[in-house]
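Each reported figure results from applying straightforward, stated rules to the coordinates on display, with no laboratory input. Worth saying up front: this structure is predicted, and the values here are computed from it rather than measured. Backbone-built Cβ (ideal geometry, glycine too); neighbour counts: all protein chains shown.
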Amino acid sequence: MSQLHEQTVSLGKKEKKINVFILLFGILVIATLLTYFLPTGEYARIEVNDRTTVDPNSFKSIASTPVGFFDMIKAVHTGMVEAGNIIFFLLIIGGFFGVLRATGTVDVLIATMARKLAKREKLLIPVVTLFFAVGGSLMGMAEETLAYLPLIIPLALALGFDAITGTAIVIVGALSGFTTAIMNPFTVGLAQGIAELPMFSGILFRLILFVIIYLVSVLYIYRYAMKVKKNPSIGIYGNYTKEDAEKLLQSSGKLTARHKFILGAFVINYIVLAFGVIKFQWYITEITSLFLLLTIIIGIIGKLSADQIVNSFINGSASLLGGALIIGVSRAILVVLNEGHIVDPMLHQLSVSIKHIPDYLSVVGMYNFQALIHFVLASGTGHAMLTMPIMVPLADLLGITRQTAVLSFSFADGIGNMIFPTATTLMAGLAIAGISWTKWAKWILPLVFIHYLIGLVAVIIAHFIGYGPF
């Protein structure tokens, strides 16, 4: 897996490569220039239950703090440091799959599954997408799903689909769950806590929305996948090739007892991971450590020497180095916006403008505000902590229920993460797949718009039915 930062050539025709680093650096330059022209200001930050949030009544304008050229360059390093947990998680996931592949388990597993699904390939999309959607909606699975991409993408190719299909099954699946967030503790749970709502209240309405979003997403992916199956030349294959997938499909390899022990360790790892996330609120550090431990275990089970384990790990990590750098550069954009003190004025001005429109339109304004601001607040947790303390009293003032305000945030969070280049999980996933952001954006934009419209209708309905309890 190489050339992570570029789009590879699809079958049948040569396409121009667009380097995502150039795209992100262009956005970084624009963000820097904005610090010279946009108003500056800040909210006071306060600690609530060991989390940093804002005092909604504390906004004040401050002197302009434009970001200089060298500070912009320094922001790249700062972005790497701030996103270090995600970067190292990605590198260790790459190392883990390097060792897993060295045992031969991955190729044999994909070949076996492809043969079994050869005449039932249509089941892959709805069944596996549902798995990730449920994980995203109930447990907040996001970064954790990246580990599945090197398995799902080759399987999708072996069944006649492409890398976009495999990536969408994982990424769109998980983020569709994030959008409706039935019981996601990191988004809805946190936002409801800030809004002083009963934890996970309003679940029935979100469950209905989950079913709608899931069905729409599956139909969108399925329709595209069938087009690729009929005409492979229109597919996007990223770091993978159709020929390699066909070789896997024709492989006569069978799962040995050793392969099954390795897969068993993989399954146990995810059971422990799910338990840790739910019971002990594990996050990136614990999850990364778990995969590092699993890497050693499967290397031993696979009878790899110490040198083979280390070399396979290094090669696997190196294959995702481009993706790791992409994450750091995308975070640099947020660093510049924060250092220029132009994010808080955006929050303030947008929230003030909503106050001066009728309540039935203000709920639409609140939804659009959350969707737009997510570009610079791409973390669901960070987004909730910064915006909900402002949105909750604003909702009270406008006669909008707090539950509706939470729903607006939830939809904006999930939808933005599907397309914004500042969303680190998305960019890491595209790096693993070898798909350029521009190609992904072109493909996903219609689905994002459909999700946006569903969310728009949902928040309007929520407003008129008094979605609560309050």
Quiz item: Where does the longest stretch of the chain lie that holds no trypsin sites (Lys or Arg not before Pro) found in a DSSP loop with 16 or fewer other Cβ atoms within 10 Å?
Solution: 121-253
Practice problem: Using θ = phi - 60° and the Karplus relation 6.51 cos²θ - 1.76 cosθ + 1.60, list the HN-Hα couplings for region 119-133 in order, rounded to whole Hz, with x at every Gly or Pro. | Solution: 9, 10, 5, 5, 6, 4, 5, x, 6, 6, 4, 4, 4, 6, 5
Exercise. Pop out the ³J(HN,Hα) list for region 211-228 in order, Karplus 6.51 cos²θ - 1.76 cosθ + 1.60 with θ = phi - 60°, rounded to Hz; leave Gly and Pro as x.
Key: 4, 5, 4, 4, 5, 4, 5, 5, 4, 5, 5, 4, 4, 5, 4, 5, 5, 5
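What does the charge count around Val336 come to, taking other residues whose C-beta lies under 14 Å from its C-beta (Lys +1, Arg +1, Asp -1, Glu -1)? Mind showing how you got there, number by number?
Numbers: positive: Lys74, Arg331; negative: Asp71, Glu82, Glu339.
So the surrounding residues net to -1.
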Quiz item: Summing Lys, Arg as +1 and Asp, Glu as -1, what charge do residues with Cβ under 13 Å from the Cβ of Gln403 carry, Gln403 excluded?
Solution: 0
Quiz item: Tally Lys/Arg at +1 and Asp/Glu at -1 over every other residue whose Cβ is under 14 Å from the Cβ of Phe275; what's the total?
Solution: -1
Quiz item: How many angstrom separate the Cα center of region 180-238 from the Cα center of region 255-278?
Solution: 26
Self-check item: Residue-by-residue Karplus 3J(HN,Hα) for region 293-306, coefficients 6.51, -1.76, 1.60, Hz, glycine and proline x
Solution: 5, 5, 4, 5, 5, 5, x, 5, 4, x, 6, 8, 6, 4
Quiz item: Cα centroid distance between region 387-428 and region 292-338, in Å?
Solution: 32
Quiz item: At 222 nm, what helix-only mean residue ellipticity would the chain give, in deg cm²/dmol to the nearest 500, using -39500 (n - 2.57) for each DSSP H run of four or more?
Solution: -23000 deg cm²/dmol
Quiz prompt | Peptides 61-69, 126-134, 270-278 ordered by average Cβ neighbours within 10 Å, highest first | solution = 126-134, 270-278, 61-69
Quiz item: Amide H to amide H under 5 Å from Gly41: which residues, 5+ apart in sequence or cross-chain, H placed 1.01 Å off N in plane?
Solution: Ile62
Quiz item: How many angstrom separate the Cα center of region 437-470 from the Cα center of region 96-115?
Solution: 38
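Which value, in debye to the nearest 20, describes the size of the charge dipole of the chain about its Cα centre when Lys and Arg Cβ atoms bear +1, Asp and Glu Cβ atoms bear -1, and nothing else is charged? Display every interim value, and only then the final one.
Details: 31 positive and 24 negative charges, 389 e Å.
Roughly 1880 debye for the chain.
How high is the relative contact order of the chain, in percent, counting Cα pairs under 8 Å that sit 6 or more residues apart?
Numbers: 808 pairs, mean separation 136.8, N = 470.
The normalised contact order for the chain reaches 29 percent.
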